[in-house]
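What follows is a single structure, written as structure tokens, with notes after it.
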Amino acid sequence: MIQMKNVYKKYPNGIVALNGLNVEIEQGEFVYIVGPSGAGKSTFIKMMYREERPSSGQMFVDEIDIATIKNRKVPMLRRQIGVVFQDFKLLTKLNVYENVAFALEVIEEKPADIKRRVMEVLDLVGLKHKAKMFPTELSGGEQQRVSIARSIVNMPKVMIADEPTGNLDPETAWDIMDLFERINKAGTTIIMATHNQQIVNTLRHRVIAIEGGLIVRDVVGGDYGYEA
Amino acid sequence: MKPRTLMRHIKESFKSIGRNSWMTFASVSAVTVTLLLVGVFVLIMMNLNKVADDLENDVEIKVFVSLDASEETVTSLESQISEMSGVESTNFSTKEEELTDLVLDFGDELSLFEQSNPLFDVFYVKATDPQQTKNVAKEISALENIENVKYGEGKIEKLFNFLNAGRNVGLILILALLFTAMFLISNTIRITIVARRREIEIMKLVGATNWFVRIPFILEGMWLGIMGSLIPIGLVALLYKEITDFAQPRLSGELIQLLDYTPFIYQVSALILLMGVFIGVWGSFMSIRKFLRV
Ligand SMILES: Nc1ncnc2c1ncn2[C@@H]1O[C@H](COP(=O)(O)OP(=O)(O)O)[C@@H](O)[C@H]1O
Ligand SMILES: [Mg+2]
């Protein structure tokens, strides 16, 4: 599903964020990316949906070559990938239903399909009854569930999350993880950067630790490995 | 593009126009002023061109034949000139005929010259292409037995110089205004882009194509351009109607004519509208390239 060979990333300001990564992630895996702040986790994540390009090395996501993909082909890559952020990135002028439907409207899906898919995912994330509410009327956990619904409404093969529980209280964070587990069980690959030691140590999955732009550990079922 | 998608883009672009009403007003006004000037300029330049054409058609070359030329020489000159490429017609007029004309024009005092006529035999030559008048004249003056060649007395040159100067000044002014209008439109679009950056970010994130992201902004620029062309089209059409209604009856039968109201005014209107669309679309492209990065 995802292959990286000697991926190196130097930002225009000269900072080397990734210093030769070698990773292979299979379809259906659940992977935590851990490491101290500034280690390169977000850069790693951004590379997967071609928000950033590798400066050198080879990288494939679903057989798409990230290093050479043409700008106009990037949308096709992104339709294979759902992305979730710490800050939800919801549109405040749209209600829950519209926020999720937006993701399908802008890729020109049929209206009938949009309605059906949106209702399905809102049911999955448990927000069907709040479809008409606006983001400001929701709790942080609910907002994150809307953003997760939006990221999977197009049935992507991979879901990428950059500290999805970073803004949530511990209890809400567990609800979100429960949702992730279910999405993963349905066959979606999940790659999640996180600082949450408890989650990583409890819901055991593959752990890739990055420090200073290098992979220092890659263990299936490993623990968080840092002091909280 | 699917009709549903197009409708969505149109709706989005109208929303933005309503939202930035002040910037919309400013940029539409700039387009209006620019296009009004373009319209008036085109009316004037096209009509002056027409006048120049009309006048040029009337320019004759006057060829003075040497006094010592024999009758045979004159005949051979006539055939040489009329066989030149670029010559439409030649007319021979003897010095006696020339004098008669002068007497007709200036009165009997001149008839005393009938004793010893000081004038020359003359060929009146017309060039097929008026622009070639000068070259034809030059060619004729190289022939034997020609005393002198005259044409237009610099009238065409003066008119052309005037036309060119006017055209250049007008074009520079219009270009400056064009850039101002484009700049204002691009600023308006930039404001829309900034106001909608969250939406744009998410569109790109979920895989909307680059054109899908761009089109509402291009449409918004286009509407601004079109709105800016409406008043100029109306005013220029009215103005030219007044001018032609006033001038055409007075010019009937004259050498100089204005361009007819139709189809000229349709062409001018189409030009103004197209320029409006161009200014708008170009202005929004400037901002899209800079701020949208898609
Ligand atoms: N857009 C950017 N431009 C320049 N430097 C950046 C950019 N993004 C991140 N960095 C730098 O790259 C390094 C890795 O950052 P990041 O991938 O965000 O780390 P993490 O997510 O693990 O905290 C940091 O030193 C950071 O300052
Ligand atoms: Mg980060």
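Things worth noting here:
- Selection from the range A:157-214 of residues that are within 14 Å of chain B (Cβ to nearest Cβ), away from ligand 1 (no atom under 16 Å from the Cβ) and open to solvent by 10 Å² or more (accessible area, probe 1.4 Å): A:Lys157
- Scanning the range A:44-60 for residues that are away from chain B (no Cβ under 14 Å) and within 16 Å of ligand 2 (Cβ to nearest atom) yields A:Phe44, A:Met47.
- Single match in A:Leu104, A:Leu90, A:Leu77, A:Leu94 (criterion: in contact with a Gly (Cβ under 8 Å, 6 or more places away or on another chain) and within 12 Å of chain B (Cβ to nearest Cβ)): A:Leu77
- A:Gln86 being within 16 Å of ligand 1 (Cβ to nearest atom) and either modelled with pLDDT of 95 or more or outside the structural domain of A:Ile45 (by TED's automatic domain parsing) (or both): yes
- Positions within the range A:27-43 being near ligand 2 (Cβ under 9 Å from one of its atoms) and either within 19 Å of A:Val7 (Cβ to Cβ) or touching a Ser or Thr at 6+ places or on another chain (Cβ under 8 Å) (or both), in sequence order: A:Gly38, A:Ala39, A:Gly40, A:Lys41, A:Ser42, A:Thr43
- B:Val65 satisfies every condition listed in (1) open to solvent by 20 Å² or more (accessible area, probe 1.4 Å); (2) under 30 Å from B:Leu99 (Cβ atoms); (3) not hydroxyl-bearing (Ser, Thr, Tyr) except (1).
- Filter pass, A:Arg145 being among the basic types (Lys, Arg), away from ligand 1 (no atom under 16 Å from the Cβ) and open to solvent by less than 20 Å² (accessible area, probe 1.4 Å): no
- Members of the range A:107-121 that are under 26 Å from A:Arg50 (Cα atoms) and within 9 Å of chain B (Cβ to nearest Cβ): A:Ile107, A:Glu108
- Extreme residue, nearest to the chain's Cα centre (by Cα), among residues of the range A:30-64 that are open to solvent by 20 Å² or more (accessible area, probe 1.4 Å) and more than 13 Å from ligand 1 (Cβ to nearest atom): A:Arg50
- Residue among B:Glu139, B:Glu98, B:Glu144, B:Glu114 that is acidic (Asp, Glu) and open to solvent by less than 40 Å² (accessible area, probe 1.4 Å): B:Glu98
- Single residue of the range A:123-156 satisfying the filter (more than 14 Å from A:Arg182 (Cα to Cα) and of a type in the set (A, V, I, L, M, F, W, C)) that is nearest to the other protein chains (Cβ to nearest Cβ): A:Val153
- In summary, B:Phe278 fulfils each of the numbered conditions (1) surrounded by 18 or more Cβ atoms within 10 Å (Cβ to Cβ); (2) over 30 Å from A:Val83 (Cβ atoms) with the single exception of condition (1).
- Scanning the range A:63-97 for residues being out of contact with any Phe, Trp or Tyr (no Cβ under 9 Å at 6 or more places or on another chain), within 19 Å of A:Leu127 (Cα to Cα) and part of a helix (DSSP H, G or I) gives a total of 1.
- Under the condition of being away from ligand 2 (no atom under 16 Å from the Cβ), within 23 Å of A:Gly20 (Cα to Cα) and of a type in the set (A, V, I, L, M, F, W, C), the residues counted in the range A:190-213 number 2.
For (1) of a type outside the set (Val, Ile, Thr); (2) touching an Asp or Glu at 6+ places or on another chain (Cβ under 6 Å), each residue gets a yes or a no:
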position	(1), (2)
A:Lys5	yes, no
A:Ile15	no, no
A:Glu26	yes, no
A:Val31	no, no
A:Lys46	yes, yes
A:Glu52	yes, no
A:Gly57	yes, no
A:Asp62	yes, no
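The values are calculated or read from the model by the stated rules, or taken from the named source; none is laboratory data. This one's a predicted model, so the numbers in the text were calculated from it and none came from an experiment. Every residue, glycine among them, receives a Cβ derived from its backbone with ideal geometry; neighbour counts consider all protein chains shown. Ligands, DNA and RNA are excluded from the accessible area calculation, which covers all protein heavy atoms including side chains. Shrake-Rupley method; radii C 1.70, N 1.55, O 1.52, S 1.80 Å.
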